[in-house]
Ligand SMILES: [Zn+2]
């Protein structure tokens, strides 16, 4: 679960998560990682319930009360709105990865540019990318908001934490919401750095021994 404190009631914990989701969605909007009603984030709650952002609402102004509580089959338990239309992708991550407690999906322009060009990002370009993101697969295109997209992502979920979604955007997983959000921030920054390095003649990757050292350190 995301945060649990023995003195907290379940309702208090859910309310805390509602606020955290709204604050993180606003950060996504402010950073330009999403525009309009795009993007969706979620956290795993107790009893394998999930709190997810609503479908179709302006992500600059989405409020804690707008969040929707669902079960792992996507049934709404509590909420005044429809859950995100990308819920299948989120639920697939929670079902296949017990270590994952938060999922973030957005369309940040630099990494989405690589996804649109079907060009992968090198994970050994910067130490933090090597250590915190690992390899980043390019997932074959699936129609957004359909189960088809979740089916395309599923084979990659057991082995990776960050994904480029062809002609669409990016997806990151984490042990908590901050972890998943930071991965998306680092992913977007690495796409910027990769693009600039290529304008300057091409990136020089970290040596394999350094990659192994960084990965060992981050385990
Ligand atoms: Zn999307």
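The values are calculated or read from the model by the stated rules, or taken from the named source; none is laboratory data. Just so it is clear, the model here is predicted, and its values are computed rather than measured. Here the Cβ positions follow ideal geometry from the backbone for every residue, glycine too, while neighbour counts run over all protein chains shown.
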Note to self: Step by step: first the residues of region 192-219, then only those that are in a helix (DSSP H, G or I) and loosely packed, with under 10 Cβ neighbours inside 10 Å, then the one that is modelled with the lowest pLDDT. Which residue is that?
What the structure shows: 216
Item checked: Odd one out for residue 68, checked against (1) more than 16 Å from the ligand (Cβ to nearest atom); (2) in contact (Cβ under 8 Å) with a residue 60 or more places away in the chain -> (2)
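Identify, please: which residue in region 27-51 is without any contact (Cβ under 8 Å) to a residue 40 or more places away in the chain and surrounded by fewer than 22 Cβ atoms within 10 Å (Cβ to Cβ) and is, among those, nearest to residue 108 (Cα to Cα)?
Kept after step one, since they are without any contact (Cβ under 8 Å) to a residue 40 or more places away in the chain, are these residues of region 27-51: 29-30, 36-37, 47, 49, 51.
Okay, now just the ones that are also surrounded by fewer than 22 Cβ atoms within 10 Å (Cβ to Cβ), so 29-30, 36-37, 47, 49.
Values: 29: 10, 30: 11, 36: 13, 37: 14, 47: 32, 49: 28 Å.
My answer is 29.
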Check: Exactly one of (1) closer than 26 Å to residue 17 by Cα; (2) assigned to a helix (DSSP H, G or I); (3) out of contact with any helix residue (DSSP H, G or I) (no Cβ under 7 Å at 6 or more places or on another chain) is unmet by residue 186. Its number?
Finding: (3)
Item checked: Matching residues, region 93-116, being within 16 Å of the ligand (Cβ to nearest atom), part of a strand (DSSP E or B) and more than 16 Å from residue 35 (Cβ to Cβ) -> 103
Item checked: Complete set of residues in region 148-162 that are part of a helix (DSSP H, G or I) and more than 16 Å from the ligand (Cβ to nearest atom) -> 154, 155, 156
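Kindly indicate which of 88, 105 is buried (at least 18 other Cβ atoms within 10 Å of the Cβ), over 20 Å from residue 28 (Cα atoms) and touching a residue at least 24 places away in the same chain (Cβ under 8 Å). Spell out the reasoning first.
Details: 105 fails: over 20 Å from residue 28 (Cα atoms).
Exactly one residue qualifies, and that residue is 88.
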Margin query: Just the residues that are within 16 Å of the ligand (Cβ to nearest atom) and either more than 18 Å from residue 85 (Cβ to Cβ) or modelled with pLDDT under 95 (or both), please, taken from region 122-147.
Written below: 138, 140, 142, 143, 144, 145, 146, 147
Note to self: Looking at the structure I just gave you, is residue 173 within 15 Å of residue 105 (Cβ to Cβ), within 16 Å of the ligand (Cβ to nearest atom), touching a residue at least 40 places away in the same chain (Cβ under 8 Å) and not in a helix (DSSP H, G or I)?
What the structure shows: yes
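If the requirement is being in contact with a helix residue (DSSP H, G or I) (Cβ under 9 Å, 6 or more places away or on another chain) and more than 27 Å from residue 148 (Cβ to Cβ), which of these qualifies: 54, 64?
On the way: 54 fails: more than 27 Å from residue 148 (Cβ to Cβ).
On inspection, the qualifying residue turns out to be 64.
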Notebook entry, point to check: Within region 77-85, can one find any residue that is crowded, with 23+ Cβ neighbours inside 10 Å and more than 19 Å from residue 178 (Cα to Cα)?
Noted result: yes
Next item on the list: Determine which member of the set 125, 119 is closer than 28 Å to residue 197 by Cα, in a loop (DSSP other than H, G, I, E, B) and touching a residue at least 24 places away in the same chain (Cβ under 8 Å).
Entry: 125
